[in-house]
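Let me begin by presenting the structure, written as structure tokens, before commenting on it.
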Amino acid sequence: QVQVVESGGGLVQAGGSLRLSCTASGLTFDEHAMGWFRQAPGKEREGVSCIGHRGDNDYYTDSVKGRFTISRDNAKNTLYLQMNNLKPEDTAMYYCAAGRSYYCFGSWSSQSGFGHWGQGTQVTVSS
């Protein structure tokens, strides 16, 4: 069975950094685009970043460009999100998901393109 598990969340002060990890099993990891999404209280879930199956074809939502970096290690079946210069507005539950195709498309932030989701990891940024 497919299992997607996020880790690395926690409490950090504004300006600090965290690195989230996502390990997927039960699927051929290097055949899937992978994405990070987040949901803050009272808001809809939004796309944060997406990366193609070979580590290219990466996208970011405007609010995190220059601060977050998505990467993957296919040998370890692991996806990463390096988050620097964190802001209170980044506080949310962060989810990892496996795409239904090899690549991220222009509509990657739509949840319909992702078939397997993790349970989420909480990121809280204090001011």
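Within the stretch 6-28, can you find the residues that are among the β-branched types (Val, Ile, Thr) and open to solvent by 60 Å² or more (accessible area, probe 1.4 Å)?
Answer for the stretch 6-28, where residues must be among the β-branched types (Val, Ile, Thr) and open to solvent by 60 Å² or more (accessible area, probe 1.4 Å): Thr23, Thr28.
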I want to confirm something. Restricting to the stretch 55-80 and keeping residues that are of a type in the set (A, V, I, L, M, F, W, C) and within 13 Å of the chain's Cα centre (by Cα), which single residue is surrounded by the most Cβ atoms within 10 Å (Cβ to Cβ)? Leu79
Among the residues of the stretch 29-44, which ones are assigned to a loop (DSSP other than H, G, I, E, B), open to solvent by less than 70 Å² (accessible area, probe 1.4 Å) and more than 18 Å from Phe105 (Cα to Cα)? Ala40
So which pairs qualify, if the first residue must be in the stretch 7-22 and over 26 Å from Gly99 (Cα atoms) and at pLDDT 95 or above, the second must be outside any strand (DSSP E or B) and of a type in the set (A, V, I, L, M, F, W, C), the Cβ gap must be under 9 Å, and the two must be at least 6 apart or on different chains? Val12/Leu86; Gln13/Leu86; Ala14/Leu86; Gly15/Leu86; Gly16/Leu86; Ser17/Leu86
Criterion violated by Gly52 - all others in (1) over 11 Å from the mean Cα position of the chain (by Cα); (2) open to solvent by 40 Å² or more (accessible area, probe 1.4 Å) satisfied: (2)
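Scan the stretch 106-114 and give yes if some residue there is buried (at least 17 other Cβ atoms within 10 Å of the Cβ), touching a strand residue (DSSP E or B) at 6+ places or on another chain (Cβ under 8 Å) and under 17 Å from Val2 (Cα atoms), otherwise no.
There is at least one residue in the stretch 106-114 that is buried (at least 17 other Cβ atoms within 10 Å of the Cβ), touching a strand residue (DSSP E or B) at 6+ places or on another chain (Cβ under 8 Å) and under 17 Å from Val2 (Cα atoms).
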Where in the stretch 54-127 are the strands (runs of 3 or more DSSP E), entirely inside, with at least 3 residues that are over 24 Å from Gln13 (Cβ atoms) and small (Gly, Ala, Ser)? 92-99
Can you tell me which residues in the stretch 40-88 are aliphatic (A, V, I, L, M), touching a residue at least 24 places away in the same chain (Cβ under 8 Å) and over 16 Å from Arg19 (Cβ atoms)? Ala40
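The values are calculated or read from the model by the stated rules, or taken from the named source; none is laboratory data. Being a predicted model, the structure only gives us computed values, none of them experimental. In this analysis, Cβ positions are derived from the backbone assuming ideal geometry, glycine residues included, and neighbour counts consider all displayed protein chains. All accessible areas refer to the heavy atoms of the entire protein, side chains included, with ligands and DNA or RNA removed. Shrake-Rupley method; radii C 1.70, N 1.55, O 1.52, S 1.80 Å.
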